[in-house]
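The values are calculated or read from the model by the stated rules, or taken from the named source; none is laboratory data. Not measured: the values here are computed from a predicted model. Cβ atoms come from the backbone with ideal geometry, glycine included; neighbour counts cover every protein chain shown.
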Amino acid sequence: MESLMADNAPSVFGENIAQQEPVPFIDLVAQYNTIASGVRAAVDRVFADQCFVLGDEVSEFECDVAEYCDSQDAIGCASGTDALILSLMALNIGAGDEVITSPFTFFATAGAIHRVGAKPVFVDIDPVSFNLDPNQLERAITERTRAIMPVHLFGQCVEMEAVWRLAVRDHLAVV
């Protein structure tokens, strides 16, 4: 079987790509190495304190995030999915409501909306940024729309000024 696959592998510029080196995508080891000592020290502190839920480390993290985001509060969650679900629940979004979001995202985005009983409404993406297309966003708003859930991708933020303008105009939450 190996020979059959190698013999039939596609060619790139006359070379058999089955024999080429893989293209590196993200070097997580290199990224981790830059913060490894701090991460290890924090983990050691948590294990020494035996406070695995909430505790000083979480409180400090929440304060740091709130300050960084210029917000009064921040709440640490077990996952991004939990954070989205709790945000939607806090806004009393549920059955019969619509939440506008991107189709180009991790499944938890639509899953969180569905989990609270609301309907995800997908807005097409901008082909350059891969983020929500603000021009499409306005057309997706209906009388059932309660929130907009933008998704920032590849280090590029959604055009939040356009999102906020529509949210304020139509009294929508931004999650």
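Some values worked out for this structure:
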read-out	value
Restricting the stretch 132-164 to residues that are assigned to a loop (DSSP other than H, G, I, E, B) and in contact with a Phe, Trp or Tyr (Cβ under 8 Å, 6 or more places away or on another chain), the residue that is modelled with the lowest pLDDT	F154
Subset tally (residues that are touching an Asp or Glu at 6+ places or on another chain (Cβ under 8 Å) and closer than 20 Å to A110 by Cα) for the stretch 148-175	0
The listed residue being free of Cβ contacts under 8 Å to residues at least 24 places away in the same chain and either polar (S, T, N, Q) or within 22 Å of A173 (Cα to Cα) (or both), out of F52, F47, F107, F61	F107
Unique match (being assigned by TED's automatic domain parsing to the domain that holds H152 and either more than 24 Å from F154 (Cα to Cα) or of a type outside the set (F, W, Y) (or both)) among E67, E98, E60	E98
G117 vs. criteria more than 19 Å from the chain's Cα centre (by Cα), surrounded by 12 or more Cβ atoms within 10 Å (Cβ to Cβ) and either in the same structural domain as F154 (by TED's automatic domain parsing) or more than 26 Å from D170 (Cβ to Cβ) (or both)	yes
Positions within the stretch 78-128 being β-branched (V, I, T) and under 23 Å from A162 (Cβ atoms), in sequence order	I93, V99, I100, T101, T105, T109, I113, V121, V123, I125, V128
Scope the stretch 67-89; condition of a type outside the set (G, A, S) and in contact (Cβ under 8 Å) with a residue 40 or more places away in the chain; matching residues	L84, L88
Criterion: surrounded by 16 or more Cβ atoms within 10 Å (Cβ to Cβ) and more than 30 Å from G55 (Cβ to Cβ) - qualifying residue of A162, A83	A162
Residue within the stretch 73-85 that is farther than 13 Å from M149 by Cβ and charged (D, E, K, R) present	yes
Within the stretch 17-35, considering residues that are modelled with pLDDT of 60 or more and more than 25 Å from F154 (Cβ to Cβ), the one surrounded by the fewest Cβ atoms within 10 Å (Cβ to Cβ)	Q19
So S87, is it modelled with pLDDT of 90 or more and not aromatic (F, W, Y)	yes
Residue list for the stretch 142-172, restricted to those being hydrophobic (A, V, I, L, M, F, W, C), within 17 Å of L88 (Cβ to Cβ) and over 17 Å from the mean Cα position of the chain (by Cα)	A167, L172
Residue satisfying all of: in the stretch 121-149; over 11 Å from D170 (Cβ atoms) and among the charged types (D, E, K, R); surrounded by the most Cβ atoms within 10 Å (Cβ to Cβ) among these	D133
